[in-house]
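Structure record follows, encoded as structure tokens.
The values are calculated or read from the model by the stated rules, or taken from the named source; none is laboratory data. The structure displayed is predicted, hence computed values, not measured ones. Because the Cβ atoms are built from the backbone with ideal geometry, glycine has one as well, and the counts that use them run over all protein chains shown.
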Amino acid sequence: MANKLGIRGYDYVEFFVGSAKVWAYWFSKATGMKITAYAGPETGIRNKVSYLLQKNDLKILVTSPVKPDNYEIYNFIQRHGDGVKRWTLNVNDVEYAYNHAIKNGAIPTIKPRELKDANGIYLEAAIKLYDDAEISFVNADEYHGIFQPGFGEPIHNYEVETHETGLKIVDHIVGNVRENEMNFWVDYMNAALNFETFVDFGPGDIGTEYSALLSKVVRSEDTLIRNPVNEPYKGKRKSQIEEYIEEFCGTGIQHIAIRSENIIETIGAMRKNGIEFLSTPPATYYESLKERDLKVEEDIDELKENGILLDPESDGYLLQIFTKPVGDRPTFFFEVIQRKGGSQGFGKGNFQALFEAIERDQAARGNL
Ligand code: FE2
């Protein structure tokens, strides 16, 4: 099955950060990604530096400004801290995807353009997402150099010792928006990208005694691309989505979920590489899993040791765990996910456990 917009999958995700070199090292060490391309003064780019990191089908670009004239990146970092600027979709035809999006209400940020050098032509265009983010359409079919024009061989190759994480590919990317904004962005993506609403967590579905959220998931019809959007819902205290929006100074990307084919090994390796995960659910969580006599290949005690959440679905089950925020602000974090037996969902039970785990940390920050 394909999709009408000609989307082949997620391409790269770009972070705007305070110090790209340090982030590139962190990704090398913590996730085992390799630096495969670099752009900066050495490659003729005067006002910013970018490092491309890759592992399997996962591509992350970290970018920092290095000259005061680069106000676009400075403004982002000043307001939001380190965070995701854009996620990109690899498409058959950039102009077609962009025109479809604009005709259906998308807000333009980069009109279709050709980036050229001796290695060929790289095509891109972008539309606005949330306060300050973007969805880009890219195509490198006619480009034969490293990544994009302006990029060259990496000048730093960190020979770090790292435990093999087995991280594979982006599974989904989640946004946090304000009260009453979720439906706007859900309708926006559905119209612009020809997506459909797949999951709808309404009032009372996800919440604790103190705070709650609403969430909808939009996806491409072939399920290649999945993008949940969360908004705060009224509770006795501050919702974690509100905390995000206050700390990020606006709406934006909350987390990126990366798929693994052996989550127990992945999490073991990531912990050894120094990544911190949200606190383990209480022992009773795993006791009740055992009582349910589920058909699960993994040993529940091993899941418990690693703090991995398990949620059965009609087709198969989901294994998930969430890192602590990776930057200085309690904003962006990663998720690791393993889908077993054709599971397509988002684990309502896991979502609830995640929500409670975030809330424990939120309380520790004095923000609940
Ligand atoms: Fe997620």
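Listed by position, the helices (runs of 4 or more DSSP H) contained in segment 202-301 that have at least 2 residues being within 16 Å of the ligand (Cβ to nearest atom), outside the structural domain of Leu58 (by TED's automatic domain parsing) and farther than 30 Å from Ile135 by Cα form an empty set. Residues that are surrounded by 21 or more Cβ atoms within 10 Å (Cβ to Cβ), farther than 30 Å from Glu164 by Cβ and in contact with an Asp or Glu (Cβ under 8 Å, 6 or more places away or on another chain): does segment 13-31 have at least one? No, that holds for no residue.
For segment 317-339, the criterion of being free of Cβ contacts under 8 Å to residues at least 40 places away in the same chain, surrounded by fewer than 17 Cβ atoms within 10 Å (Cβ to Cβ) and not acidic (Asp, Glu) is met by no residue. Taking the criterion of being basic (Lys, Arg) and over 24 Å from Thr223 (Cα atoms), would at least one residue in segment 82-92 satisfy it? Checked segment 82-92: no residue is basic (Lys, Arg) and over 24 Å from Thr223 (Cα atoms). With respect to the conditions (1) surrounded by fewer than 18 Cβ atoms within 10 Å (Cβ to Cβ); (2) of a type in the set (D, E, K, R); (3) within 30 Å of Glu297 (Cα to Cα), Glu246 lacks only one, and its number is (3). Candidates Leu354, Leu310: the one that is within 15 Å of the ligand (Cβ to nearest atom), part of a strand (DSSP E or B) and crowded, with 20+ Cβ neighbours inside 10 Å is Leu310. Scanning segment 108-154 for residues that are of a type in the set (Phe, Trp, Tyr), under 21 Å from Thr43 (Cα atoms) and either under 25 Å from the mean Cα position of the chain (by Cα) or at pLDDT below 95 (or both) returns Tyr122, Phe147, Phe151. Evaluating Val229 against the criteria (1) under 30 Å from Gln78 (Cβ atoms); (2) surrounded by fewer than 17 Cβ atoms within 10 Å (Cβ to Cβ) leaves one unmet condition, (2). Total residues in segment 163-184 satisfying the condition of being more than 16 Å from the ligand (Cβ to nearest atom) and in contact (Cβ under 8 Å) with a residue 60 or more places away in the chain: the figure is 6. Exactly one residue among Glu261, Glu287 is within 20 Å of the chain's Cα centre (by Cα) and either modelled with pLDDT under 90 or of a type in the set (D, E, K, R) (or both), and that residue is Glu261. Would you check if there is a residue in segment 27-48 being free of Cβ contacts under 8 Å to residues at least 40 places away in the same chain, out of contact with any strand residue (DSSP E or B) (no Cβ under 6 Å at 6 or more places or on another chain), closer than 30 Å to Phe322 by Cα and β-branched (Val, Ile, Thr)? No - not one qualifying residue is present in segment 27-48.
Please verify whether segment 314-326 includes one or more residues that are over 23 Å from Lys236 (Cβ atoms), assigned by TED's automatic domain parsing to the domain that holds Arg271 and modelled with pLDDT under 85.
Checked against the condition, which is being over 23 Å from Lys236 (Cβ atoms), assigned by TED's automatic domain parsing to the domain that holds Arg271 and modelled with pLDDT under 85, segment 314-326 yields at least one hit.
Looking at segment 338-348, can you tell me whether even one residue there is within 12 Å of the ligand (Cβ to nearest atom), hydrophobic (A, V, I, L, M, F, W, C) and under 18 Å from Ala283 (Cα atoms)? No, segment 338-348 has no match at all. When residues in segment 262-298 are screened for being without any contact (Cβ under 8 Å) to a residue 40 or more places away in the chain, closer than 24 Å to Phe334 by Cα and charged (D, E, K, R), 2 of them pass. The single condition among (1) surrounded by fewer than 15 Cβ atoms within 10 Å (Cβ to Cβ); (2) touching a Phe, Trp or Tyr at 6+ places or on another chain (Cβ under 7 Å); (3) closer than 19 Å to Phe15 by Cβ that Asn75 does not meet is (2).
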